[in-house]
Amino acid sequence: MEDLKYLVGLSLVPGLGPKSYDALIRAFGSPKEAWQAPEEALASLSGLKETLKKDILTTRRALSLDREWHRVTKQGVRVLSREDPLYPPLLKNIYDPPFLLYARGKGVDWGRPWVALVGSRKMTAYGREMALWLGRELALRGIGVVSGMARGIDTWAHRGALKGGGETAAVLGSGLCCCYPPENRGLQQEICRQGLVLSEFPLLTGPKPQHFPLRNRIISGISLGTVVVEAAEKSGALITADQALEQGREVFALPGPVTSPASRGCHNLIKQGAKLVQDVEDLLEELALPGPGEQSHPAGEAGPADLSPDEQRLLEVIPYHPCPGDRLAAESGLPAARAKAALTILEIKGMIAQEAGNLFLRIK
């Protein structure tokens with residue numbers, strides 16, 4: 001417990017990353033000894049930048065370590081060292097595993113398989129439905145879902161896992177006391193009740209652009225594989241895919257409509273060798289995981305027996321790109337009122353999605 005308090009102190013030193021931390025421990029033996037090291041011993045230590053040595057001294061002079069530790073315990077946060085059994089085991093195998101993780105929540109079973117679902121913040125209705133579907137289907141099969149709780153795909157991947165009654169872990173690009181985006185505060189509370197929220201950043205740290213690539217390496221590092229659900233050509237989700245490859249993990253991508261700019265990043269990944277995902281069984285097979293615990297219609301396949309004649313007739317003319325509802329009614333030959341009712345039911349059944357402007361597209 002005492003070492004954890006000093007770990008918290010070291011996590012507040014600007015620029016102290018995993019490799020610098022390891023150098024300190026090799027030199028001084030423990031977090032406590034590193035924190036309390038005499039100035040002369042720090043000054044003579046090779047392998048650390050002079051600015052970092054100064055930052056260590058400045059931080060420990062300015063910081064009330066007891067007050068910071070009280071903040072951690074008062075917030076119900078657990079501090080995980082690499083030796084803690086709650087520290088994700090796969091994460092220890094990456095090049096630069098965090099020397100500390102702040103964790104809040106019920107806890108999860110790291111012994112089960114974990115898969116990362118990531119994608120664009122500026123998602124389409126198709127991307128939203130696919131993230132929700134994949135998160136749910138993985139959860140139903142006992143597979144944990146990791147994401148970053150960002151706007152867009154991340155949010156709906158977590159929601160899908162929660163809907164499926166499974167475990168989900170959110171890795172933040174801010175401290176645990178700074179919910180970002182703020183509208184996901186309720187989602188963060190749900191995840192805490194059914195899973196775990198993690199961060200390597202001190203509790204009060206706000207979101208900064210440089211934090212998110214660091215966050216992404218944890219998302220991919222926890223997981224057996226990373227699935228890019230929807231991403232434009234320059235999406236930040238592609239950074240997570242690159243990091244997964246560097247870590248020796250599998251990378252998957254969902255195809256989208258060929259006309260959609262929101263899916264071009266996914267299509268480029270597939271061209272470069274990422275595994276194409278059409279249904280959950282594709283993931284299970286590639287990752288050598290057990291078969292499904294519950295069967296469902298794969299993405300892109302309707303369940304005709306579950307549809308009324310009007311719904312089936314309308315579904316046959318709905319494309320995989322947005323199309324006006326009145327045009328769909330005309331092409332199906334159904335009266336406007338019956339077409340509108342069928343569109344509503346198809347959306348409820350998860351076969352289609354609606355976008356602004358009375359546009360509809362098929363997703364299953």
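Read the figures in this text as sums done on the coordinates, not as results from a lab. As the structure is a computational prediction, the values presented were derived from the model and not from experiment. Using ideal geometry, Cβ is built from the backbone for each residue, glycine included, and neighbour counts are taken over all protein chains shown.
Give or take rounding to whole Å, what are the principal axis extents of the alpha carbon atoms in the chain, in descending order?
Ordered largest first, the chain gives principal extents of 85, 39, 35 Å.
What order do you get for 325-331, 159-165 when each peptide is scored by the mean count of other beta carbon atoms within 10 Å, highest first? Could you put the intermediate results ahead of the total?
On the way: 325-331: 16.4, 159-165: 21.1.
Packing proxy ranking, top to bottom: 159-165, 325-331.
Express the relative contact order of the chain as a whole percentage, based on alpha carbon pairs under 8 Å and six or more residues apart in sequence.
The value is 13 percent.
Quick one: check the C-alpha center-to-center distance for region 40-68 versus region 165-206, whole angstrom.
29
Summing -39500 (n - 2.57) over the DSSP H runs of n ≥ 4 in the chain and dividing by its residue number, what mean residue ellipticity at 222 nm do you reach, to the nearest 500 deg cm²/dmol?
Only helices count here, giving -12500 deg cm²/dmol.
Semi-axes, largest first, in whole Å: what does sqrt of 5 times each Cα gyration tensor eigenvalue give for region 105-286?
Semi-axes (√(5λ), whole Å): 23, 18, 15.
Using the number of other C-beta atoms within 10 angstrom as an exposure proxy, rank F252, F212 with the fewest first.
On the way: F252 26, F212 17.
Taking fewest neighbouring Cβ atoms as first place, the list is F212, F252.
Would you list which aspartates and glutamates come within 12 Å of K92, measuring only between C-alpha atoms, while excluding same-chain residues fewer than 8 positions from it?
Straight-line reach from K92, under 12 Å: E83, D84.
Can you list the residues, at least 5 places off or on another chain, whose amide H is less than 5 Å from the amide H of E167, using H built in the peptide plane?
Amide H neighbours of E167: V145.
Any idea what % of Cα-Cα pairs in region 1-44 are farther than 16 Å?
Working: 284 of 946 pairs.
Everything past 16 Å amounts to 30 percent.
What order do you get for Y21, Y126 when you list them from fewest to most C-beta neighbours inside 10 Å?
Y21, Y126
Where in region 1-85 are there GluC sites (Glu not before Pro) that are in a DSSP coil and have at most 13 other Cβ atoms within 10 angstrom of their Cβ?
E83
Equivalent-ellipsoid semi-axes (√(5λ), Cα gyration tensor) for region 46-92, whole Å, largest first?
26, 21, 6
For region 2-74, compute Rg over Rh where Rg is the Cα radius of gyration and Rh is the Kirkwood radius from the inverse mean 1/r over Cα pairs.
A ratio of 0.95.
Restricting the count to DSSP beta bridges whose residues both fall in the chain, what percent are antiparallel, rounded to a multiple of 5?
On the way: 13 of 33 bridges.
The antiparallel fraction comes to roughly 40 percent.
How many times 2.2 N^0.38 Å is the alpha carbon radius of gyration of region 304-362?
Dividing the Cα Rg of region 304-362 by 2.2 N^0.38 Å gives 0.96.
Give the lysines whose C-alpha is closer than 16 Å to that of K271, dropping any in the same chain fewer than 8 places away, or say none.
K234
Which far-off residues, 5 or more places away or on another chain, put their amide H under 5 Å from the one on E233, with H placed in the peptide plane?
Amide H neighbours of E233, under 5 Å, 5+ apart: R264, G265.
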